[in-house]
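The values are calculated or read from the model by the stated rules, or taken from the named source; none is laboratory data. It should be emphasised that the depicted structure is a prediction, and the values quoted were computed from it without experimental measurement. Note that each Cβ is placed from the backbone with ideal geometry, even for glycine, and that neighbours are counted across all protein chains shown. All accessible areas refer to the heavy atoms of the entire protein, side chains included, with ligands and DNA or RNA removed. Shrake-Rupley method; radii C 1.70, N 1.55, O 1.52, S 1.80 Å.
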Amino acid sequence: MAKDPVRVLVTGAAGQIGYALVPMIARGVMLGADQPVILHMLDIPPAAEALNGVKMELVDAAFPLLKGVVATTDAVEACTGVNVAVMVGGFPRKEGMERKDVMSKNVSIYKSQASALEKHAAANCKVLVVANPANTNALILKEFAPSIPEKNITCLTRLDHNRALGQISERLNVQVSDVKNVIIWGNHSSTQYPDVTHATVNTPAGEKPVRELIADDQWLNTEFITTVQQRGAAIIKARKLSSALSAASSACDHIRDWVLGTPEGTWVSMGVYSDGSYNVPSGLIYSFPVTCKNGEWCIVQGLSIDEFSRNKLDLTAKELSEEKDLAYSCLS
Ligand SMILES: NC(=O)C1=CN([C@@H]2O[C@H](COP(=O)(O)OP(=O)(O)OC[C@H]3O[C@@H](n4cnc5c(N)ncnc54)[C@H](O)[C@@H]3O)[C@@H](O)[C@H]2O)C=CC1
Ligand SMILES: O=C([O-])CC(=O)C(=O)O
């Protein structure tokens, strides 16, 4: 029997990530090749005509799984009945800016959309915040939508996770699908800590630690980390626009694994509400290694953290606490 359609909201759907993301969702990349979807697309009135153009293209693409499209500038209409909400709407940063520089414009959007989601989304709606500063926007959304369970509100660090896998695969000249269990800790910003301490590669001789195969701790502890931290800026420099296809693809990875589960023995990185694991202060949305099963994520416990890592986990937590204060000062 055919499954009932799932309603997926994409905010900022007329923007560049939106344009890459909605066809992926309509093709089943996010929720599976047998899962019909109804797309809800929200943008602001100046983008209404462009949004309608995206809707026309979705019709023209004749996606078999796409059972309906709502394209609107009304947040209540957009949020009504949605099961998954991918929050991309906002202002992207430009060359020379840090992600927190877009704070004042974006946190106020997340405060107001929190209420629309809280009142009108389906019960148990899963929320992924993509727009920057992603962790802090997600925290504001959580705080202003107190009836949405905190475990349902997450932010995107899967792009950073995938970037780390990509760097390791290029360096070792192995398939990216053979590399796993990198970790992005903390903020989706230049203080994030891409950690390969527990990462492995599937080789013909079995699973091997990334550190052993790379055999160059100097590179892993310096250039690798900064390359992943600065990859967003490098894309902006090259394209004069921020990452879009990779952001859209990793947003699909994030929701797919959350809903359908992570493979046995594999974890992924998600920005989630901290419960104090690894002595990360609670009350922050912080990226942790997680596994997912039955639609729920769970922080991987018991990983060893050496002194080098500890300093980096603390540094990015400190930045998130400062961002939280700054966000509240922007809202007051
Ligand atoms: N977490 C991550 O890994 C990544 C996050 N980003 C962030 O994603 C966001 C979107 O990036 P792009 O698509 O490149 O930007 P864009 O400017 O092309 O599109 C953003 C869209 O949001 C719309 N928008 C603005 N205010 C809105 C509101 N209140 N409600 C609904 N829609 C609204 C705009 O009209 C525009 O169509 C940016 O904040 C960017 O920094 C980008 C790449 C990766
Ligand atoms: O760098 C930016 O501003 C866009 C982004 O978040 C990324 O590409 O990681």
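Within the accessible area of segment 66-142, what % is carbon and sulfur when the probe is 1.4 Å and the other protein chains stay in place? Mind dumping the intermediate values first?
Details: 1410 of 2850 Å².
Carbon and sulfur together cover 49 percent of it.
Quick one: Cα centre-to-centre distance for segment 105-137 and segment 1-70, in angstrom?
So the separation of the two Cα centres works out to 18 Å.
Against the globular-protein guess of 2.2 N^0.38 Å, express the Cα radius of gyration of segment 49-203 as a ratio, rounded to two decimals. Before the final figure, lay out the partial values.
Details: Rg = 18.3 Å, N = 155, 2.2 N^0.38 = 15.0 Å.
Normalised Cα radius of gyration, segment 49-203: 1.22.
Could you check the simple spin-label distance between residue 77 and residue 61, using points 7 Å along Cα→Cβ, in nm with one decimal?
2.2
Sort 33-39, 282-288 by the packing proxy (mean of other Cβ within 10 Å over each peptide's residues), most packed first. If you can, show how the numbers build up before the last one.
On the way: 33-39: 18.0, 282-288: 23.6.
Descending packing order for the listed peptides: 282-288, 33-39.
Let me know the shape class of segment 268-307, please: from the alpha-carbon gyration tensor, a ≥ b ≥ c as square roots of the eigenvalues, rounded when a/c is under 1.5, otherwise prolate if a/b is greater than b/c, or oblate. Show your work: numbers first, answer last.
Numbers: a/c = 2.17, a/b = 1.31, b/c = 1.66.
Judged from the Cα gyration tensor, segment 268-307 comes out oblate (a/c at least 1.5, b/c at or above a/b).
Which angle between 0 and 90 degrees, to the nearest 10, do you get for helix 158-172 versus the longest principal axis of the chain when only C-alpha atoms count?
It is inclined by approximately 40 degrees.
Using the per-residue mean of other Cβ atoms lying within 10 Å as a proxy for protection, in what order, highest first, do the peptides 203-209, 223-229, 139-145, 6-12 fall? Don't skip to the answer; put the middle values down first.
Numbers: 203-209: 9.9, 223-229: 18.1, 139-145: 23.7, 6-12: 25.4.
Highest-to-lowest ranking by the protection proxy: 6-12, 139-145, 223-229, 203-209.
Mind ranking 148, 183 by accessible surface for me, highest first, 1.4 Å probe? Intermediate values should be presented prior to the final figure.
Numbers: 148 25, 183 0 Å².
These residues rank, largest area first, as 148, 183.
Please compute the per residue accessible area over the chain with all protein chains in place, 1.4 Å probe, rounded to a whole number of Å².
On the way: 14370 Å² over 332 residues.
For the chain, the solvent-accessible area averages 43 Å² per residue.
Treating the angle as unsigned and between 0 and 90°, give the value, to the nearest 10°, between the Cα long axis of helix 134-143 and the longest Cα principal axis of the chain.
60
Just to check, using Stokes-Einstein with a Kirkwood Rh over alpha carbon pairs, what's the diffusion coefficient of the chain at 4 °C and 1.567 mPa s in µm²/s?
On the way: Rh = 20.1 Å.
Answer, rounded: 65 µm²/s.
Once the Cα atoms of segment 226-332 are picked out, what are the Rg and Dmax in Å?
That works out to 15.9, 45 Å for Rg and Dmax.
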